[in-house]
Amino acid sequence: MAEFAIAPAPVPTVPVEGEAAVFPVRRILCVGQNYAAHRAEMGGDDRNPPFFFSKPADAVAPPGRDPAYPSATANLHHEIELVVAIGKAARNVSPDAALDLIFGYAVGVDLTRRDLQAAAKGKGQPWDSAKGFDDSAPISAIRRWSGAVPAGRIRLSVNGQVRQDASLTDMIWNVAEIVSEASRLWALAPGDLIFTGTPEGVGPLVRGDRVEGEVEGVGQLSFTVT
Ligand code: MN
């Protein structure tokens, strides 16, 4: 193998609950507008299905890492999401076969520069600066999983006040459909994370806010915006 001209970046990792070994992150895909009530609060309607965007792998902020309030925004938003961790390589899988690719689940927050996202939407520009900034993907440890897909509540509170509280069963694309759709667009591989979209109740964060999120049966996450 060729020598590197510069030192390669470290592989971003997420803990695996109860294990010393960590999950190496290869790629972060995200689903947009996957809950009808959130799609409505963002001004969308049912003419368009959910869609994908992405964040860089090193956007993950694992437990214990408090994200800094990002530059270049005056409207940082929280979006609590169920995260799927992919453990097997595959492409073009059917929804029936998709669950077999899943290593486990985690709780994530898709931090968003909402003002930059609105500006990008207005100009038909991509969302990278709105979605893919440093520490924009706080995440819990990954819980290994087999069997039925999580189907409980998904919640987020800020300084003890509940902001988001919905059911995972409100998803427009369910987990199997998300993984299947993603596998039609990309060759999925171990290390891929998929943020599955946020329910209604997104809102602003300011420096010092304490954020606590939970997905029933999957785990909790908490961080402070510094
Ligand atoms: Mn999101």
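The values are calculated or read from the model by the stated rules, or taken from the named source; none is laboratory data. None of these values were measured; they are calculated from a predicted model. Because the Cβ atoms are built from the backbone with ideal geometry, glycine has one as well, and the counts that use them run over all protein chains shown.
Applying the selection to the range 59-91, what residues are within 16 Å of the ligand (Cβ to nearest atom), of a type outside the set (S, T, Y) and without any contact (Cβ under 8 Å) to a residue 60 or more places away in the chain?
Scanning the range 59-91 gives no hits.
For a quick check of your reading of the model, give me the residue pairs whose first member lies in the range 198-226 and is under 15 Å from G108 (Cα atoms) and among the small types (G, A, S), whose second is away from the ligand (no atom under 15 Å from the Cβ) and assigned to a loop (DSSP other than H, G, I, E, B), with beta-carbon atoms closer than 6 Å and at least 6 apart or on different chains.
G217/P150; G217/G152; G219/S140
Taking the range 160-170 as the region of interest, how many residues are among the charged types (D, E, K, R) and within 16 Å of the ligand (Cβ to nearest atom)?
Counting residues in the range 160-170 that are among the charged types (D, E, K, R) and within 16 Å of the ligand (Cβ to nearest atom) gives 2.
Of these, A130, A120, which one is free of Cβ contacts under 8 Å to residues at least 40 places away in the same chain, under 26 Å from M42 (Cβ atoms) and in contact with a strand residue (DSSP E or B) (Cβ under 6 Å, 6 or more places away or on another chain)?
A130
So, W173, is that one over 14 Å from the mean Cα position of the chain (by Cα), hydrophobic (A, V, I, L, M, F, W, C) and closer than 22 Å to V14 by Cβ or not?
Numbers: over 14 Å from the mean Cα position of the chain (by Cα): yes; hydrophobic (A, V, I, L, M, F, W, C): yes; closer than 22 Å to V14 by Cβ: no.
For W173, the condition - over 14 Å from the mean Cα position of the chain (by Cα), hydrophobic (A, V, I, L, M, F, W, C) and closer than 22 Å to V14 by Cβ - is not met.
Taking P63 as meeting all but one of (1) more than 17 Å from S140 (Cα to Cα); (2) surrounded by fewer than 19 Cβ atoms within 10 Å (Cβ to Cβ), write down the number of the exception.
(1)
If S129 passes every condition in (1) within 20 Å of F103 (Cα to Cα); (2) among the polar types (S, T, N, Q); (3) surrounded by fewer than 18 Cβ atoms within 10 Å (Cβ to Cβ) but one, which one does it miss?
Of (1) within 20 Å of F103 (Cα to Cα); (2) among the polar types (S, T, N, Q); (3) surrounded by fewer than 18 Cβ atoms within 10 Å (Cβ to Cβ), only one is false for S129: (1).
Taking the range 4-51 on its own, how many of its residues are polar (S, T, N, Q) and part of a helix (DSSP H, G or I)?
Of the residues in that region, 0 qualify.
Scanning the range 92-126 for residues that are in a loop (DSSP other than H, G, I, E, B) and surrounded by 18 or more Cβ atoms within 10 Å (Cβ to Cβ), which turns out nearest to the ligand (Cβ to nearest atom)? Can you show your working first?
Residues of the range 92-126 in a loop (DSSP other than H, G, I, E, B): 92-94, 110-111, 124-126.
If we keep only those that are surrounded by 18 or more Cβ atoms within 10 Å (Cβ to Cβ) too, we end up with 93, 110-111.
Details: V93: 23, D110: 3, L111: 9 Å.
Residue satisfying both the conditions and the ranking: D110.
For I154, state whether it is in contact (Cβ under 8 Å) with a residue 40 or more places away in the chain, part of a helix (DSSP H, G or I), surrounded by 19 or more Cβ atoms within 10 Å (Cβ to Cβ) and within 16 Å of the ligand (Cβ to nearest atom).
Answer is no for this residue.
Between a first residue in the range 24-35 that is away from the ligand (no atom under 11 Å from the Cβ) and a second residue that is in a loop (DSSP other than H, G, I, E, B), which pairs have beta carbons less than 6 Å apart while being 6 or more apart in sequence or on different chains?
P24/V11; P24/G191; V25/P12; V25/G191; R26/A189; R26/G191
Of the residues that make up the range 208-215, is at least one crowded, with 20+ Cβ neighbours inside 10 Å, among the hydrophobic types (A, V, I, L, M, F, W, C), outside any loop (DSSP other than H, G, I, E, B) and modelled with pLDDT of 95 or more? Can you show your working first?
Residues of the range 208-215 that are crowded, with 20+ Cβ neighbours inside 10 Å, as a first pass: 211, 213-215.
Then keep just the ones that are among the hydrophobic types (A, V, I, L, M, F, W, C); that gives 211, 215.
Filter once more, so that each one left must be outside any loop (DSSP other than H, G, I, E, B): 211, 215.
Now narrow it down to the ones that are modelled with pLDDT of 95 or more: 211, 215.
Yes - at least one qualifying residue is present in the range 208-215.
For the range 171-207, name all the residues that are assigned to a loop (DSSP other than H, G, I, E, B), aliphatic (A, V, I, L, M) and within 15 Å of the ligand (Cβ to nearest atom).
I172, V202
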